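For reference, the structure is listed below as structure tokens.
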Amino acid sequence: MLPFLAMACALAALTTAFDVNRVEQQSVQWTGGSFEWPCPTTKKLFVNSGQYLNKHIIATRAAIYKDEAILALPRFKSGVPVTVAKVSLKPRGCSATLTAFPCWSLQEEGTCSAFQNVVDLFLDPHDIVWFLDTGVVRTLEEPVYRCPPKVVAVNVKTGKVVKTIDLGGLVSQSSRLQYLVVDYSQDGRITVYVSDAASRAILVLDVNSGSSYRVILPTAVTTGAARRDVLYLALIRRSDGSSCLVFTYLSSSRMFTIRTEYLRKGSAAGKIHDLGSKSRSIVILGTDNGAALFFRNEASSQIYRWDSAHCFKPENFQLVYQGSECLLATHVIVDYKRGRMRVLESNFPDFIQGTVGCGANQALTIMQGYTSCDS
């Protein structure tokens, strides 16, 4: 229980009522990716070689540590010089500047000891940020296999890589790794869970022992899904110290959960619980690191909160954020220092269609209505 005691005060406060009529916003905004370069010559080399195309850069996932947000910048297209960056939550000027995290040398495409294509990240209670690197770049153009997929753990205070887990032996050519979460059991053991949408599986990585395996999910989890599109994962923590994974395919008509203790034992047979039906396709955005799950309906900017202590039914969904019609959320993250949730949003559909002009509009906005017990 010790890793989670520091969270208790903030988590309790995050359950307070929300007023959707409040319009006050505190937002960090930027367009494309304006970087802090090592020197002007480096920038010129990247621009001239086509390795830097501002309109091809977009942040889709984030983790917040003190006054900075660490961002995943997937290499969906060519011209993305950095796939992990950080941005100050106290920017100067009207547009924020991104900085390579932890350094430029870990961003080199084609160098397997470096990041290739980071699609998700997770900050744990011990200030270690875990990255999911698929190893395949330019996934929206002509995909290029650079390196085996891996999970990389970095100490957010020092910027040092503390763990690298090669996933090459757990995947096939058809695998599509999409999301990861990291869980600490009550005895301190660390387990990483990664979704593989194409193979209908969850990868389970026991960090302490070094063992890893795949848990194949039953065909029921694809109920109503025309294809295996996006397999969302979210980690829910119970008040008794136990935890579970909530998961669903984007186009599936059902939501599911499984206790993490069963996954750690290597079998999901008969252990998966059907939470209920979805009236629409939903996008899971994140949790409050407790029992609350945040989500939105596909193509909708409204964000809802569901307390997993209650049944998964519309009457238990609370509207907590009314976004702009132009932006859609891709992640909801805890900002502990400010006792708030933040929303990472962008014009992602325009980015996919290649109609963003100079670059994608992105923002990290405070979700008003939750107050920290420290404030």
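Readers should treat all values here as calculations from the given coordinates under stated rules, not as data from a laboratory. Since we're looking at a predicted model, the values are computed, not measured. All Cβ positions, even for glycine, are placed from backbone atoms using ideal geometry, and neighbour counts span all protein chains on display.
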Q) P(r) tail for the chain, what percent of Cα pairs lie past 26 Å? A) 49
(Q) Net charge within 9 Å of Asp196 by Cβ-Cβ distance, Lys/Arg positive one each and Asp/Glu negative one each, not counting Asp196 itself? (A) +3
Q) Once you sort the root eigenvalues of the Cα gyration tensor of the stretch 129-207 as a ≥ b ≥ c, which label holds: rounded (a/c under 1.5), prolate (a/b larger than b/c) or oblate (the other case)? A) oblate
Q. Residue farthest toward the positive end of the dipole of the chain, with Cβ of Lys/Arg at +1 and Asp/Glu at -1: which of Ala234, Ser175, Gln107?
A. Ser175
Q) Among the GluC sites (Glu not before Pro) within the stretch 293-341, which fall in a DSSP loop and have no more than 15 other Cβ atoms within 10 Å of their own Cβ? A) Glu298, Glu325
Q) List the trypsin sites (Lys or Arg not before Pro) in the stretch 278-362 that DSSP assigns to loop (not H, G, I, E or B) and whose Cβ has at most 12 other Cβ atoms within 10 Å. Which are they? A) Arg280
Q | Cβ-defined net charge surrounding Asp187, 13 Å radius [Lys, Arg +1; Asp, Glu -1] | A | -1
(Q) Just to confirm a number: summing +1 for Lys and Arg and -1 for Asp and Glu over residues other than Phe295 whose beta-carbon lies under 11 angstrom from that of Phe295, what do you get? (A) +3
**Q.** Gyration tensor (alpha-carbon) shape descriptor, the stretch 169-228, a/c threshold 1.5
**A.** prolate
